[in-house]
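Comments concern the structure below.
The values are calculated or read from the model by the stated rules, or taken from the named source; none is laboratory data. From a predicted model like this one, the values you see are computed outputs, not experimental measurements. Every residue, glycine among them, receives a Cβ derived from its backbone with ideal geometry; neighbour counts consider all protein chains shown. With ligands, DNA and RNA removed, areas are computed over all heavy atoms of the protein, side chains included. Shrake-Rupley method; radii C 1.70, N 1.55, O 1.52, S 1.80 Å.
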Amino acid sequence: MPKTTTDRFVTAFNAHDEKALNELHADDIKFNAPGGFKATNAKDATAFAMTWLKACPDGKIKVRSEITSGPWVVQEILMEGTHTAPLESPTGTIAPTYKKVVGYGVQLLRVENGKIAEARIYFDQLDQMKQLGLMPAPATV
């Protein structure tokens with residue numbers, strides 16, 4: 001049942017359980033995330049999650065709403081965490097800002113044989129950068 005697998009994923013993510021996350025990703029997962037990130041194996045898909053969890057040791061996701069259809073589970077999520085450790089990004093390492101980040105996103109997860117075979121994640125990168133103080137606030141008139 002797909003929802004059982006995605007529930008286990010959320011639990012493993014919130015526990016920062018790298019081993020469990022890796023076991024939940026299919027060996028040949030198709031994974032896409034903002035910034036052009038792509039993974040085609042469990043190790044790299046897990047590394048994406050762990051990058052954020054290492055930078056935000058109190059990081060958690062909460063499922064706000066969810067739709068299951070066949071092998072697909074679509075989740076609206078709330079991500080929260082405090083940036084207290086270096087964050088590895090495609091443009092380099094971002095030093096800790098000690099700021100709390102709260103953001104909404106969507107995960108589309110296809111489950112096959114009890115593993116996540118395909119994942120597409122969407123979230124507002126610009127909003128996250130603003131919350132971390134890495135983008136200037138817009139000028140007011």
Flag if THR51 is over 20 Å from GLN125 (Cβ atoms) and either part of a loop (DSSP other than H, G, I, E, B) or polar (S, T, N, Q) (or both)
no
Provide a single number: the residues in the stretch 69-100 that are open to solvent by 70 Å² or more (accessible area, probe 1.4 Å) and of a type in the set (Val, Ile, Thr).
2
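Looking at the stretch 101-117, which of the residues that are within 14 Å of the chain's Cα centre (by Cα) and farther than 18 Å from THR51 by Cβ is most open to solvent (accessible area, probe 1.4 Å)? Even if it seems obvious, please write down each step before you answer.
In the first step, residues of the stretch 101-117 are kept if they are within 14 Å of the chain's Cα centre (by Cα); the result is 101-109, 116.
The next check asks that each one be farther than 18 Å from THR51 by Cβ; those that pass are 102, 104, 106, 108-109.
Values: VAL102: 52, TYR104: 125, VAL106: 52, LEU108: 40, LEU109: 5 Å².
Of everything passing the filter in the stretch 101-117, TYR104 is most open to solvent (accessible area, probe 1.4 Å).
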Kindly indicate whether any position in the stretch 29-46 is within 23 Å of GLN131 (Cβ to Cβ) and either free of Cβ contacts under 8 Å to residues at least 40 places away in the same chain or β-branched (Val, Ile, Thr) (or both).
no
Residues of the stretch 50-68 satisfying the condition of being surrounded by 14 or more Cβ atoms within 10 Å (Cβ to Cβ) and more than 22 Å from VAL111 (Cα to Cα)
THR51, TRP52, LEU53, LYS54, ALA55, CYS56, GLY59
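Which one is farthest from LYS60 (Cα to Cα) among residues in the stretch 118-134 that are open to solvent by less than 70 Å² (accessible area, probe 1.4 Å) and assigned to a strand (DSSP E or B)?
Of the residues in the stretch 118-134, the ones open to solvent by less than 70 Å² (accessible area, probe 1.4 Å) are 118-119, 121, 123, 127-129, 131-133.
Among the residues that remain, those that are also assigned to a strand (DSSP E or B) are: 118-119, 121, 123.
Working: GLU118: 21, ALA119: 18, ILE121: 15, PHE123: 15 Å.
Across the stretch 118-134, the extreme among qualifying residues is GLU118.
State yes or no: is PRO71 touching a residue at least 40 places away in the same chain (Cβ under 8 Å), more than 26 Å from LYS100 (Cβ to Cβ) and in contact with a Phe, Trp or Tyr (Cβ under 8 Å, 6 or more places away or on another chain)? Steps first, answer last, please.
Working: touching a residue at least 40 places away in the same chain (Cβ under 8 Å): yes; more than 26 Å from LYS100 (Cβ to Cβ): yes; in contact with a Phe, Trp or Tyr (Cβ under 8 Å, 6 or more places away or on another chain): no.
Judged against the criteria, PRO71 is not a match.
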